[in-house]
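Laboratory data are not the source of any read-out in this text; all were calculated from the coordinates shown. Keep in mind that this is a model prediction, so the values were computed, not measured. Glycine gets a Cβ as well: all are built from the backbone with ideal geometry, and neighbour counts include every protein chain shown.
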Amino acid sequence: MARVVFLGVYVTDLAFWSDRLPRIGETVVGQDFRMGPGGKGSNQAVAAARAGAAVTLLTKLGTDTFGDVATHVYQMEGIDHRHIIRTDDETTGAAFIMVHPDTGENAIIVSTGSGGAITVAEVDGWAEAIAQADLFVTNLEVPVPAVLRGLELARSAGVPTVLNPAPAVALPEAIYPLVDHFTPNETEAEALSGLPVGHEVEAVAAARLFRDRGIGHALLTLGEAGALLVGPDDEPVLIPPVSAGKVIDTTGAGDAFTGAYAVGLSEGLAAAAAARFACAAAGISVTRVGTAPSTANRAEIDRLLGRG
Ligand code: RIB
């Protein structure tokens, strides 16, 4: 089984169902509340483990209850958590999530806590784990200098890389040539390219701009429109969405997508086929409540793709 190593952040998700956000000074009564495991890198690791990879997560947790919950999740999901750092210096983070009860759309404020304080020296300490990976995946909840170091270590060990640029933050130009697969959503693609990404033609222009900066495969997720891939042959490929039923909660769908895409790549699929596998995983996740808890297992994904 291929091993995928994720460098990412765990936070505890505090999700509130409400049809609108409060204004400053206002209290809005919500319709429901759930607490569960979150953080983009952690969600992606859970999604990949459920979709069939051997997964290692590299992160930093506080020595607190949220950190203990995270460790328990990794034990339950069969994720290698031996390299996780526990610290007294910062607390484990949390996210406020608003979910719209009718559309399932979400808005998030994340405070990344201990995971957001991962240092370059700590990433250097994970060099051996990164070098042993079949694929290395990271995202931008991790501080950019640590992301850059992780990508450099993977590249120098010949390990292919995936960067999910979420949330979008300014990136040094030096990062792009280290990325074999880049998976922004529309908002992130707009922020990082400076171009509008409202429809397929615009998405192709943004993807080509990322390719010009040195990215191997630019794979833009387009919500209900599926995903758009531009790889080394420069030919745009539109991957249609895969519906698994009514959309309940879109939170974490991008993480389900990136985690499953990583599994497909690690199993040797071409990028377009891995993206189709990822669209199915994301299609299932939006039919369920939560982030990591909503991710699909391998049998469910295969069944939806008619392989089960
Ligand atoms: O991508 C969804 C995730 O973003 C949530 O789990 C939340 O924790 C934030 O990190």
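List of remarks:
- Among Gly8, Thr63, Thr91 the positive-end extreme of the charge dipole of the stretch 1-96 (Cβ point charges): Gly8
- Close amide H contacts of His217 (hydrogens built in the peptide plane, cut-off under 5 Å, sequence separation of 5 or more or a different chain): His181, Phe182.
- Across the stretch 154-227, the convex hull enclosing all Cα atoms gives 80 Å³ per residue.
- Put simply, when 299-305, 102-108 are sorted by average Cβ atoms within 10 angstrom per residue, most first, you get 299-305, 102-108.
- Counted by neighbouring Cβ atoms within 10 Å, the residues Tyr176, Tyr74, Tyr10 run from fewest to most as Tyr176, Tyr74, Tyr10.
- Potential lengthening of the chain between Glu173 and Thr71 amounts to 33.2 nm, from the contour at 0.36 nm per residue minus the alpha-carbon distance.
- Charge dipole magnitude, Cβ of K and R +1, D and E -1 - the chain, Cα centre, debye nearest 20: 520
- In the chain, the DSSP-assigned H stretches of four residues or longer account for a calculated mean residue ellipticity at 222 nm of -10500 deg cm²/dmol, using -39500 (n - 2.57) per stretch and the full residue count as denominator.
- Relative contact order, percent, the chain [alpha-carbon distance under 8 Å, six or more residues apart]: 19
- Shape class for the stretch 216-308: prolate, because the ratio a/c of the largest to smallest gyration tensor axis (alpha-carbon atoms, square roots of eigenvalues) is 1.5 or more and a/b beats b/c.
- Extreme residue, positive dipole direction of the chain, given options Pro196, Asn297, Gln132 (C-beta unit charges): Asn297
- Environment charge at Ala70 (Cβ cut-off 12 Å; Lys +1, Arg +1, Asp -1, Glu -1): -2
- Overall form of the chain per C-alpha gyration tensor (a/c, 1.5; a/b vs b/c): rounded
- Dipole magnitude of the stretch 1-155 about its Cα centre (Cβ charges: Lys, Arg +1; Asp, Glu -1), debye to nearest 20: 260
- Magnitude of the charge dipole, the stretch 157-308, Cβ model with Lys/Arg +1 and Asp/Glu -1, debye to 20: 480
- Phi angles across the stretch 55-70 convert, under the Karplus curve 6.51 cos²θ - 1.76 cosθ + 1.60 with θ = phi - 60°, into 3J(HN,Hα) values of 10, 10, 10, 10, 7, 10, 10, x, 8, 9, 4, 4, x, 5, 4, 4 Hz, Gly and Pro given as x.
- Most positive-pole-ward Cα, Ile175, Pro160, Pro145, against dipole of the stretch 109-203 from beta carbon charges: Pro145
- Cβ-defined net charge surrounding Ala15, 11 Å radius [Lys, Arg +1; Asp, Glu -1]: -2
- Once the chain from Arg86 to Leu305 is taken as fully extended at 0.36 nm per residue, the excess over their C-alpha distance is 74.9 nm.
- Annotation for Asp234 and Arg34: the two label points, set 7 Å from Cα along the Cα-Cβ direction, are 4.5 nm apart.
- The local environment of Ala168, defined by Cβ-Cβ distances under 9 Å, has a net charge of -2 under the rule Lys, Arg +1 and Asp, Glu -1.
- Normalised contact order of the stretch 157-308, rounded percent, pairs of Cα under 8 Å and 6 or more residues apart: 16
- Extension gain, Asn106 back to Thr119 (0.36 nm per residue minus Cα-Cα distance, nm): 1.7 nm
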